[in-house]
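The values are calculated or read from the model by the stated rules, or taken from the named source; none is laboratory data. Fair warning: this is a prediction, and the values are worked out from it, not measured in the lab. No Cβ is skipped: glycine too gets one built from the backbone with ideal geometry, and neighbour counts run over all protein chains shown.
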Amino acid sequence: MLVGLIGKPNTGKSSFFNAATLLDVPVANYPFTTIQPNVGVAYIVTKCVHQELGVTDNPRNSLCVNGIRYIPVKLVDVAGLIPDASKGLGLGNKFLDDLRRADALIHVVDASGSTDKEGRVVEPGSHDPLEDVAFIEKEYDAWIAGILKKDWDKISHIQDQSKVRDVIVEKLAGLGMTAADFGEAIRKAGLTQKKIQDWSDDDIFGFSSELRKSAKPILIAANKCDLPASRANIERLNKTGRLVIPVSAAAEMILRKAAQKGVIEYVPGSSTFKVKEGIQLSAEQERALRFVEESVLKKWGNTGVQQALNDAYFKLLGGVVVYPVEDENRYSDKNGNVLPDAYIVPRGSTARDLAFKIHTELGEGFLYAIDAKRKQRLGADHILKEDDVIKIVSTSRRA
């Protein structure tokens, strides 16, 4: 699963990306081999299952600190865009190409209204951030509609409706859109009783909009929540029914840098931090930390950066954390590392899906799985649950 950051220029998108990927933790094995220039490693934080099991863990692909498991994930920083990006203006083409890889999106919005529609600085409160939400969604919808319209004459001449569906799904497969997404979009757009040959331009756009909502869910990161003009706008954003997280990327950057330098103890997503014993703060450090505490943590509960990341993976994508092991009694791998790996898998994933995620050979040779907590044998179609500890039994030597 991959999450992308989107937004117009000067919303704090780069600050969000930098803060989210700043965490300096040693991880032996990253779960990906290549990090491209616009892709960074962020971390999802969750309570580690080792406390429930009463064991001491030895993570390999992640990190556990004071009972909190840090699971590395990829975060792609999509190029900033302006109105008519779907027509190629600005860096629109790069933006849309980068979006192909993302399963869900975090839209970083300037909640203070201090930047206009093209990202130019204006008086705080003079621009409506709801317009930014609308225009980015519209640009994405227009892009999908444009892809369909390129071959619409050919598509509309196909008489077999199921074949039309297959053609459209194949055409949009590169965007991560499936037959299930197609059916859901048709239903929500109110087009179930209308032949595709009879669709108007408005129908195509409406279908594209519903398809985007289904296949590329979006979370709103209402950035600059530390500014006075933001509160009323955040309340208005909440009323739209979207998933909205108040965010101060600047505050998160301050906290993570201070933690990185050994000045404070801070768990990303926490509502508090603690100055380390024996540390004498400079006047500048004291001012910065007081600003974060008073303007962000006490008002909003946290900086929102980690919450946005977690919600993107757990709420938008429905992820669950599972722990594969090779010894169901010791909860370890063959080298004795206890709870060595933690994976985030989509909700509804099966034991066989987990086997394939670990290695193709393990999936192909799948025999059965074992619930290590309950010592129960599981079939290939067993649906994984949060904090499952699973052993895969396979004909593969990797089992």
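Conditions first: (1) free of Cβ contacts under 8 Å to residues at least 12 places away in the same chain; (2) surrounded by 16 or more Cβ atoms within 10 Å (Cβ to Cβ); (3) among the hydroxyl-bearing types (Ser, Thr, Tyr). SER208 passes all but one, so which condition is the exception?
It fails just one condition, (1).
Restricting to the range 209-247, what's the tally of residues that are in a helix (DSSP H, G or I) and closer than 12 Å to GLU137 by Cα?
5
Of (1) at pLDDT 95 or above; (2) of a type in the set (Asp, Glu); (3) surrounded by fewer than 20 Cβ atoms within 10 Å (Cβ to Cβ), ASP57 satisfies all except one. Which?
Status for ASP57: all satisfied but (3).
Only residues that are touching a Gly at 6+ places or on another chain (Cβ under 9 Å) and closer than 19 Å to VAL55 by Cβ: list them for the range 370-385, please.
none
Tally the residues that are among the basic types (Lys, Arg) and either within 14 Å of TYR43 (Cβ to Cβ) or in contact with a strand residue (DSSP E or B) (Cβ under 7 Å, 6 or more places away or on another chain) (or both), restricting the search to the range 303-327.
0
Could you please let me know if ALA215 is in contact with a Ser or Thr (Cβ under 7 Å, 6 or more places away or on another chain) and surrounded by 18 or more Cβ atoms within 10 Å (Cβ to Cβ)?
For ALA215, the condition - in contact with a Ser or Thr (Cβ under 7 Å, 6 or more places away or on another chain) and surrounded by 18 or more Cβ atoms within 10 Å (Cβ to Cβ) - is not met.
Could you tell me whether any residue of the range 216-231 is over 24 Å from SER295 (Cβ atoms) and modelled with pLDDT under 90?
yes
State which residue pairs qualify: first residue of a type in the set (Gly, Ala, Ser) and inside the range 12-27, second residue modelled with pLDDT under 90 in any location, beta carbons under 9 Å apart, and separation of 6 or more residues or different chains.
SER14/ASP77; SER14/GLY80; ALA20/GLY40
Looking at LEU367, is it buried (at least 22 other Cβ atoms within 10 Å of the Cβ) and outside the structural domain of GLY54 (by TED's automatic domain parsing)?
no
Considering only the range 156-210, state which residues are among the charged types (D, E, K, R) and more than 19 Å from GLY146 (Cβ to Cβ).
To start, the set of residues in the range 156-210 that are among the charged types (D, E, K, R) comprises 160, 163, 165-166, 170-171, 181, 184, 187-188, 194-195, 198, 201-203, 210.
Listed by number, the residues that qualify are ASP160, LYS163, ARG165, ASP166, GLU184, ARG187, LYS188, LYS194, LYS195, ASP198.
Out of (1) in a strand (DSSP E or B); (2) small (Gly, Ala, Ser); (3) surrounded by fewer than 22 Cβ atoms within 10 Å (Cβ to Cβ), the odd one out for ALA380 is which?
(1)
Can you work out which of the residues in the range 98-135 that are more than 24 Å from the chain's Cα centre (by Cα) and within 19 Å of THR240 (Cα to Cα) is surrounded by the fewest Cβ atoms within 10 Å (Cβ to Cβ)?
So, considering only residues that are more than 24 Å from the chain's Cα centre (by Cα) and within 19 Å of THR240 (Cα to Cα), the one surrounded by the fewest Cβ atoms within 10 Å (Cβ to Cβ) is ASP128.
Only one residue in ALA308, ALA283, ALA258 is surrounded by fewer than 21 Cβ atoms within 10 Å (Cβ to Cβ) and either in contact with a Cys (Cβ under 8 Å, 6 or more places away or on another chain) or farther than 30 Å from VAL55 by Cβ (or both). Which one? Working first, answer last.
Values: ALA308 fails: surrounded by fewer than 21 Cβ atoms within 10 Å (Cβ to Cβ); ALA258 fails: surrounded by fewer than 21 Cβ atoms within 10 Å (Cβ to Cβ).
After ruling out the rest, the residue left standing is ALA283.
So which residues in the range 138-161 are in a loop (DSSP other than H, G, I, E, B) and surrounded by 15 or more Cβ atoms within 10 Å (Cβ to Cβ)? Let's see the steps before the verdict.
Looking only at the range 138-161, we keep the residues that are in a loop (DSSP other than H, G, I, E, B), and these are 151, 157-160.
Passing the criteria: only ILE158.
Could you give every pair whose Cβ atoms fall below 7 Å, whose first residue belongs to the range 54-75 and is part of a loop (DSSP other than H, G, I, E, B), and whose second residue is loosely packed, with under 14 Cβ neighbours inside 10 Å, counting only separations of at least 6 or pairs across chains?
ARG60/ALA28; ARG60/ASN29; ASN61/ASN29; GLY67/LYS47; GLY67/GLN51
Identify all residues within the range 235-255 that are under 26 Å from ILE71 (Cβ atoms) and either loosely packed, with under 12 Cβ neighbours inside 10 Å or not β-branched (Val, Ile, Thr) (or both); write none if there are none. It would help to see each step written out before you state the result.
To start, the set of residues in the range 235-255 that are under 26 Å from ILE71 (Cβ atoms) comprises 242-255.
Those that are under 26 Å from ILE71 (Cβ atoms) and either loosely packed, with under 12 Cβ neighbours inside 10 Å or not β-branched (Val, Ile, Thr) (or both): ARG242, LEU243, PRO246, SER248, ALA249, ALA250, ALA251, GLU252, MET253, LEU255.
Mind checking whether some residue in the range 388-399 is of a type in the set (Val, Ile, Thr), surrounded by fewer than 20 Cβ atoms within 10 Å (Cβ to Cβ), assigned to a strand (DSSP E or B) and touching a helix residue (DSSP H, G or I) at 6+ places or on another chain (Cβ under 9 Å)? Steps first, please.
Our first condition is that a residue be of a type in the set (Val, Ile, Thr); within the range 388-399, this holds for 389-390, 392-393, 395.
Then keep just the ones that are surrounded by fewer than 20 Cβ atoms within 10 Å (Cβ to Cβ); that gives 393, 395.
This time we only want the ones that are assigned to a strand (DSSP E or B), so: 393.
Subset that is touching a helix residue (DSSP H, G or I) at 6+ places or on another chain (Cβ under 9 Å): none.
For the range 388-399, residues of a type in the set (Val, Ile, Thr), surrounded by fewer than 20 Cβ atoms within 10 Å (Cβ to Cβ), assigned to a strand (DSSP E or B) and touching a helix residue (DSSP H, G or I) at 6+ places or on another chain (Cβ under 9 Å): absent.
Restricting to the range 101-128, give me the number of residues that are not charged (D, E, K, R) and not in a loop (DSSP other than H, G, I, E, B).
The total comes to 8.
With the condition being within 20 Å of THR21 (Cα to Cα), at pLDDT 95 or above and not small (Gly, Ala, Ser), I'd like the helices (runs of 4 or more DSSP H) fully within the range 287-370 carrying at least 2 qualifying residues. Explain how you work it out, then say what you get.
Values: elements: 305-311, 351-358, 360-364.
Of the helices (runs of 4 or more DSSP H) lying wholly inside the range 287-370, those with at least 2 residues that are within 20 Å of THR21 (Cα to Cα), at pLDDT 95 or above and not small (Gly, Ala, Ser) span 305-311.
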